[in-house]
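Everything on this sheet refers to the single structure shown next.
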Amino acid sequence: MQYSIGVEYALHCLVYLIDTPEESPIGIKDLSHFQGVSETYLSKIFSKLSKVGIVSSVPGVKGGYKLAKSPEDITFWDVIEAVEGSKPIFQCKNIKDNGYLFREKICSPSASCTINIVMLAAEEKMRDYLQTKTLSWLQEELNHVLSNEVKENTRSYFVKSKQ
């Protein structure tokens, strides 16, 4: 299983929006330049985040994006689901129904596929865990591992880009 890099870009960009003052949203151009990714690609990601209410856009020359709700209320799973969609990771195709024993009417299909049950249960555990990790939690973790210089340089980058 692999999530697209869009999830990683989304989470990184959302962290930058946490401390953004209400009157100073961050533009896609600045976010994309800071991350080293195309504006078009990041715009697509932010369109998905906006659609589900994680971010909101502010129109105008000094417009951009800001968080649409509190960082405590935005989970990793919310971001993953916004970027990747809500389809289950494992897509059961009921291939058991094409097996020899079923084709020859020796066996009758069971009510549900055991493999599918296990895979969906595993996905549920992962989803439950990712729902406990919020942007606030991420910010706290980053505060422990990032130097004050890195944090200040990041803040300065986005403040300078607004001037």
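Each reported figure results from applying straightforward, stated rules to the coordinates on display, with no laboratory input. Treat the numbers as computed from the prediction; the structure is a model and nothing was measured. Cβ: placed from backbone, ideal geometry, glycine included. Neighbour counts: every protein chain shown.
Tabulated results
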item: Anisotropy class of the stretch 27-66 from Cα gyration tensor, a/c 1.5 cut; result: oblate
item: Exposed-site-free run, longest, the chain (rule: chymotrypsin sites (Phe, Trp or Tyr not before Pro); DSSP loop; at most 14 other C-beta within 10 Å); result: 4-89
item: Prolate/oblate/rounded label for the chain (Cα gyration tensor, a/c 1.5); result: prolate
item: DSSP loop trypsin sites (Lys or Arg not before Pro) with at most 14 other Cβ within 10 Å excluded, longest remaining stretch of the chain; result: 1-61
item: Computed helical MRE - 222 nm, the chain, DSSP H runs ≥ 4 contributing -39500 (n - 2.57), nearest 500; result: -17000 deg cm²/dmol
item: Qualifying lysines (Cα of each under 29 Å from Cα of Lys160; at least 8 residues distant if same chain); result: Lys29, Lys44, Lys48, Lys51, Lys62, Lys66, Lys69, Lys151
item: Anchor Lys87: aspartates and glutamates whose Cα lies under 17 Å away (excluding residues fewer than 8 positions away in-chain); result: Asp78, Glu123, Glu124, Asp128
item: Exposed-site-free run, longest, the chain (rule: GluC sites (Glu not before Pro); DSSP loop; at most 10 other C-beta within 10 Å); result: 24-103
